[in-house]
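Values in this text are rule-based calculations from the coordinates and carry no lab data. Nothing here was measured: the structure is a model prediction, and the numbers come from that model. We place every Cβ from the backbone using ideal geometry, glycine too, and count neighbours over all the protein chains shown.
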Amino acid sequence: MTDRNIHQRILAVMQDTGAFGKDGKNTFHNYKYASVESIVAHIQPNLVKHGVALLYSVSECVQMPVRQFTQGKGWVENEVTRATVQVSAVNVDDPKDFVCCQTFGFGLDSQDKGIYKAISGARKYGIFGMFNLMAGDDDPEYAPQDAPKAPTTRRPAPAPKSSPQPPTTPNTGAPMIPKEKRGHLMGLFKDCNLRERDQYIGFTNEVLNRAGQGSVTSTKDLTLRQADLIIDALEEKLMPTDPAAEAEMGASQ
């Protein structure tokens, strides 16, 4: 094992490490995620087996104010933390033989937990990239190769109950966006100083054209997909910019 370089060792770790499951669940947004602790526990035996030490160092942590919309409180002040982390894989038999990558993580929290969320996220995706890890349930064709199970008898599914159809847009016939989402959208237009109709319709069609989603003549014609695109673009427009990043971009140009 001592004659292998770090790249050969990383490849050996990749070969021996299979897909992993997601052990955590965000109950508020209802999605599953893999914690950094479970990922390290999943890969650690193969790191030891092939003589690879995984090291981390935080090179920067920046906290920035941000406005966040919530259903109960409307617009509230919050903080987002951006962490820059160096992840290194080191050959334990030759510490001068190593590779490293720089990753970023973000944590939205007005308390001290924002820093740890950002660092944990950066560490997690650094390991993902370094060893090309995969979560099994991300692939719809992935299925564990367990022993075949005896067939089970299933009762036929009950006939679906008819439900009233949601209102549709007058021009396209697509489902109309909910009243709450349209109110949120109009509030974002005002926050971005797009108060006149020709201003916010012009911005809307510019975003839709870039995304290949056509154009509209009224916000009442927006589909749910189109409304989400506009909301994402407006919230990005409201996000504070990093002066250091802007200066670096200007220097490169």
#### Entry: P(r) weight above 12 Å for the range 179-238, C-alpha pairs, percent
63 percent
## Note on the structure
Applied in sequence order to the range 50-57, the curve 6.51 cos²θ - 1.76 cosθ + 1.60 (Karplus, θ = phi - 60°) yields integer Hz couplings, x standing for Gly and Pro, of 9, x, 10, 9, 9, 10, 10, 8
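So if we plug the beta-carbon distance of residue 225 and residue 186 into 1/(1 + (r/R0)^6) with R0 = 25 Å, what FRET efficiency do we get, rounded to 0.05?
Efficiency at R0 = 25 Å is approximately 0.85.
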### Query
Using a simple spin-label model with points 7 Å from Cα along the Cα→Cβ vector, what separation in nm is obtained for residue 7 and residue 57?
2.3 nm
